[in-house]
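Here's the structure, in structure tokens; my notes come after.
The values are calculated or read from the model by the stated rules, or taken from the named source; none is laboratory data. What you see is a predicted model; the values in this text were computed from it and never measured. Positions of Cβ are backbone-derived with ideal geometry, glycine not excepted, and every protein chain shown enters the neighbour counts.
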Amino acid sequence: MNLNKDVSHNGQSKPKNTAQGSFLETAIESGFIVMTYQNETSEVQLLEKEIDSSFIQFHFCSKGECKFVFNNGTYSLNIPEENSLLLYNPQRNLPIYLEVDPASWVVSVLISIKKFHGLFSHEADYITFLSEGNQDKKYYKDGHISPSMAIVLNQLVNYNLNSTIKSLYFKGKAYELLSLYFNRGEEANIEQCPFLVDDSNVIKIKQAKDIMIHRISEPPTLIELAAEIDLSLKKLKEGFKQIYGTTVYGFLFDYKMEVSRKLLESGAHNVNEVGLKVGYSTASHFISAFKKQYGTTPKKYIQSLN
């Protein structure tokens, strides 16, 4: 893959320059590739890779914004933060030509249609573009990244485990990401979730999520939270589960662990300080929670970074 900068829109790119940031391409197995890129520069960077027509492409922008350019700049599709783009064209090659904005993170999953059919052989009718009527047609779909998908994407981008298990780790996370992508249970299906017909309720549930995040160290009880957003306790629980795919405190726990992991990686705080910042009054409780989430203690995790 080439990483260029200062891309013009007439199909011609300016002289190539090695991108500053973190780029990683991992071959999971034959016909299955995961690519991650963090553009930490102040300029737009180009990710370019030749891909033949036998591959399905999933592009996830977990932070910032990027743009997929088609036909030598003839037209393009924006992928804003927390959104994804699925591409498949069996009639012609579809090379990757991604313009990645500054301070943006992108994860791309490439999987051959043959391998993909094998994964979903019993659910082909469920996956729209695998149906017989669409098998020879080009297909694209944009969508929103769910909270569960966002966690997996962050784990792929911030991979810090032993390099000897990288391939196994990425394989597991890539399959998990695809499973979550096609999990209709997390999507706001109005017919299945009557609660979501009321836009005001959706706004209140999102407000509840923001309250929990902003008061991470001292979160309100569910009863207090329901009262604050003016929603019944039952609707709070049901709505949060429908929109975010987990319970209020399940979401908060995952969020706390992700924040604590990033704080530990920064090196600016010790284990006790990180525990206090995410709401644990004692180091032992924080260590226990961290180990439950990541399978290792905060101290050992810090050592693994070095």
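Key figures
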read-out: Residue check for residue 301: closer than 20 Å to residue 162 by Cα, in a helix (DSSP H, G or I) and within 25 Å of the chain's Cα centre (by Cα); value: yes
read-out: All positions within the stretch 265-294 that are crowded, with 20+ Cβ neighbours inside 10 Å and under 24 Å from residue 82 (Cβ atoms); value: 278
read-out: Neighbours by Cβ (under 8 Å, 6+ apart or cross-chain): first from the stretch 293-304, more than 17 Å from residue 266 (Cβ to Cβ); second among the polar types (S, T, N, Q); value: 296/304
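Yes/no per residue for (1) in contact with a Gly (Cβ under 7 Å, 6 or more places away or on another chain); (2) outside the structural domain of residue 281 (by TED's automatic domain parsing); (3) among the aliphatic types (A, V, I, L, M):
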site: 223; (1), (2), (3): no, yes, yes
site: 226; (1), (2), (3): no, yes, yes
site: 230; (1), (2), (3): no, yes, no
site: 235; (1), (2), (3): no, yes, no
site: 238; (1), (2), (3): no, yes, no
site: 254; (1), (2), (3): no, no, no
site: 261; (1), (2), (3): no, no, no
site: 265; (1), (2), (3): no, no, no
site: 268; (1), (2), (3): no, no, yes
